[in-house]
Amino acid sequence: MDTRLLELRDVTKIWSIGRTGEQVPALSSIDLDVARGEFLILLGPSGCGKSTLLQIIAGLEAPSGGRLRFLRGDGGRKLTSMVFQEYALFPWRTVLENVVFGPEVRKVPRATRDVEAQRLVELVKLRGFEHRYPHELSGGMRQRVALARALANDPEILLFDEPLAALDAQTRRVLQDELARIWAETGKTFIYVTHSLQEAVLLGGRIVVMTARPGRVKEIIDVRLPRPRSLTGRQEAEILERLDELLRDEVKRTMESER
Amino acid sequence: MTRSTLRKVGSALFILVVWQVLVQTGNLNELFLPAPLSVLGAIWTMTLSGKLPWAILVSLNRVVQGFVYGALVGIVLGLLAGAIRWVEDVLDPWVAAVYPIPKSALFPLFMLWFGLGDPSKIVTITVGVLFLVLVNTVTGVKSINPLLLKAAVDLGASRFQVFLKVILPGALPNIFTGLRLGAGMALILVFITEIEATKAGLGFLLWESFQLLETKDVFAGVVMFGVLGVASTWFLQWLERVSCPWARR
Ligand SMILES: Nc1ncnc2c1ncn2[C@@H]1O[C@H](COP(=O)(O)OP(=O)(O)O)[C@@H](O)[C@H]1O
Ligand SMILES: [Mg+2]
């Protein structure tokens, strides 16, 4: 793979919890290559360390072992931006003010960043809502703001942590299509965490199936299907079934370990 | 006017009229309860003579200075203590020790240290406001969703930028709670500190009138304290609306 953008080698994470310092292994020996421009899905049972892995890639947490290498040094510029499940918008900033946060703290001149923010607001179809506050928006619209805000730093990689999990089924469906469109339009690399098999099949270029905690890469499935996809397609159904099989063991293991 | 406003205005007018009538029919002694119109008269006279405006000005000077110093120090220390663990640890015993003390009890000490003039009064008010603002600011910082801090760092904010652009605005609603409580405290303390060691101020005017048994002047002072209380509340509400438009309720 000569289009590799990110390389993870033997990455582990052990959380130590609270006062007791109890050691909780969250990730064990993750090996993963991420190609430039791909839509990579991280799929795994709840608690298997998906968020942990994403935070390590984002540089928000340090790995306990192993290493992480971006194969495109860009003058020290941060190459990732995160979209959180709970939106994490600044309640005291309007849509536009949220979107410009990144460029603002990086001291991009006002004129430049405002033009860019307007373009992004358009991209995520929030025209006319620029001056609303987050609490005046629906969940779906908030997530569009979060996406525009993440794109405003022009990162190589967008990290999504179950971005649609808090939304109702209708909105989720619409936003899944939107994400696929924006991925195609921007050519960015998406690393996308979900625990929904359907979402993985609808969106994923490659699907990384993780084991129960401590998370490891169990299997990587290539989804070579044209978009837009539909869950009723025969090939899609086959992949769904395969994923279901892979995950069922892991969910069972999670439940046993929690007992 | 809505029904509710009518009831409120009606209630106020009814009591005032009954009160006025009771005094005029000789059922109430003006030494204890001067009629509303007498109080208005006293306010009018003292306004014309300049006595009341001067008293208000002197007190306002003490209140505003004490309030502003206390608010500034309280906000800065509160933000730091809320955001930085070691600052909180260093401040904690002092807050725990001084917070429960009625700040008026510190006034004699401050007179010993800072003399009988304005400084000891201003310091008393400063301390009273400071702790209320400090404690509420810390609460505000702790109430900020940690995910917002994470998002800010992820978007490239430095520690200082996180402080300025996330922690400060995030704590602002609670800071205003502290300021409102602090304003009330400032008025209480200016009255108490003006009973002693001064020849000017609204508290002094009120207390002196009491000693001369000029009850309507005492009432005039009480009413003016009420006006100051309402005015400070309105001002802070306006300031909060302007600076926290997202929190419009
Ligand atoms: N900040 C943290 N401190 C301590 N333990 C954590 C922290 N974040 C996650 N964990 C633990 O790590 C494990 C994996 O969590 P997470 O990465 O959130 O899983 P997922 O996102 O796949 O549901 C869980 O057992 C969780 O309790
Ligand atoms: Mg998670």
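Of the helices (runs of 4 or more DSSP H) that lie entirely inside segment B:127-243, those containing 3 or more residues that are within 14 Å of chain A (Cβ to nearest Cβ) span B:146-154, B:159-162, B:168-195, B:215-243. When A:P163, A:P214 are screened for being within 14 Å of another protein chain (Cβ to nearest Cβ), within 16 Å of ligand 2 (Cβ to nearest atom) and over 21 Å from A:L6 (Cα atoms), only A:P163 passes.
Take the conditions within 16 Å of ligand 2 (Cβ to nearest atom) and surrounded by fewer than 21 Cβ atoms within 10 Å (Cβ to Cβ) and apply them to A:G47. Does it pass?
When the stated conditions are applied, A:G47 passes them.
Of the residues making up segment A:114-153, those that are among the aliphatic types (A, V, I, L, M), more than 10 Å from chain B (Cβ to nearest Cβ) and part of a loop (DSSP other than H, G, I, E, B) number 3.
Name the single residue that is nearest to ligand 1 (Cβ to nearest atom) among those in segment A:198-243 being assigned to a loop (DSSP other than H, G, I, E, B) and within 24 Å of A:E256 (Cβ to Cβ). Here the answer is A:R213. Six or more apart or on different chains, Cβ atoms under 7 Å: show the pairs whose first residue is in segment A:36-52 and within 14 Å of chain B (Cβ to nearest Cβ) and whose second is near ligand 2 (Cβ under 10 Å from one of its atoms) and modelled with pLDDT of 95 or more. Sorted first by the residue in segment A:36-52, then by its partner, the pairs are A:S51/A:D161; A:S51/A:V193. So in segment A:87-113, with the set limited to residues that are within 7 Å of chain B (Cβ to nearest Cβ) and over 20 Å from B:A171 (Cα atoms), which one is surrounded by the most Cβ atoms within 10 Å (Cβ to Cβ)? It comes out as A:G102. Restricting attention to segment B:195-233 and to residues that are touching a Ser or Thr at 6+ places or on another chain (Cβ under 7 Å) and among the hydrophobic types (A, V, I, L, M, F, W, C), the residue that is surrounded by the most Cβ atoms within 10 Å (Cβ to Cβ) turns out to be B:L202.
Residues in segment A:196-220 that are within 20 Å of A:S230 (Cα to Cα) and in contact with a helix residue (DSSP H, G or I) (Cβ under 8 Å, 6 or more places away or on another chain): A:L197, A:Q198, A:E199, A:A200, A:V201, A:L202, A:L203, A:I207. Given the options A:L147, A:L137, A:L123, name the one that is in contact with a strand residue (DSSP E or B) (Cβ under 6 Å, 6 or more places away or on another chain) and either within 23 Å of B:Q161 (Cβ to Cβ) or not charged (D, E, K, R) (or both). One residue alone meets the criteria, A:L147.
Of the strands (runs of 3 or more DSSP E) entirely within segment A:7-88, those holding at least 2 residues that are within 12 Å of ligand 1 (Cβ to nearest atom) occupy A:22-35, A:39-43.
The values are calculated or read from the model by the stated rules, or taken from the named source; none is laboratory data. Please read all numbers here as calculations on a predicted model, not as lab measurements. Positions of Cβ are backbone-derived with ideal geometry, glycine not excepted, and every protein chain shown enters the neighbour counts.
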